[in-house]
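Structure, as structure tokens:
Derivation of every value follows stated rules applied to the coordinates shown; laboratory data play no part. Since this is a predicted model, take the numbers as computed values, not measurements. Cβ coordinates were reconstructed from backbone atoms using ideal geometry, including for glycine residues, and neighbour counts include every protein chain displayed.
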Amino acid sequence: MVKHIVCFKIKEEYKNRINEAKKTLLSMKGNVPMLKGIEVGVDFLHSGRSYDIILMVDLEDEVQLDLYQHDDYHCNVVKKLMHSIVDTSIAVDYKY
């Protein structure tokens with residue numbers, strides 16, 4: 001199994017869209033067939049080092065991770081929104 005984790009910092013002028021972003025990320029469930037699991041969290045601490053949203057996705061293997069990265073729904077719905085409101089992001093992918 002592969003865990004794909006992305007942390008997003010939302011641009012200051014789009015902080016009011018955090019719940020929309022969470023809902024859009026969660027909408028991958030049922031729309032992105034290679035997902036084995038998905039979890040999305042919103043930061044409540046708001047410290048100087050906090051990111052605003054975390055996405056955690058479970059996939060079968062690296063092949064499925066690659067398919068996920070190129071999935072139509074992921075690219076044309078989710079990435080489209082996230083790229084428009086995100087200031088920075090970081091990612092970690094690991095096997096477990």
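Details
- Each listed q (0.12, 0.16 Å⁻¹) maps to a log10 I(q)/I(0) for the chain, found by the Debye formula over equal Cα scatterers with no solvent: -0.36, -0.64.
- Surrounding net charge for residue 56, when Lys and Arg each add one and Asp and Glu each subtract one, Cβ distance under 10 Å: -1
- Taken one residue at a time, the phi angles of region 85-93 give Karplus couplings (6.51, -1.76, 1.60, θ = phi - 60°) of 10, 8, 7, 9, 8, 9, 9, 9, 10 Hz. Gly and Pro are set to x.
- Gain on full stretching of the segment that runs from residue 77 to residue 18 - 0.36 nm per residue minus C-alpha separation: 19.7 nm
- Gain on full stretching of the segment that runs from residue 43 to residue 62 - 0.36 nm per residue minus C-alpha separation: 4.0 nm
- Per DSSP, loop chymotrypsin sites (Phe, Trp or Tyr not before Pro) in region 4-91 with at most 11 further Cβ within 10 Å: 44
- FRET efficiency estimate (nearest 0.05) - Cβ-Cβ, residue 9 to residue 69, R0 22 angstrom: 0.60
- Average Cα contact separation per residue, region 1-70, under 8 Å, 6 or more apart, as relative contact order %: 46 percent
- Think of region 43-96 as having a plus end and a minus end, set by charges on the Cβ of Lys, Arg, Asp and Glu; of 50, 67, 81, 50 sits farthest toward the positive end of this dipole.
- The Cβ shell under 13 Å around residue 11 holds other residues with a net charge of -1, Lys and Arg each +1, Asp and Glu each -1.
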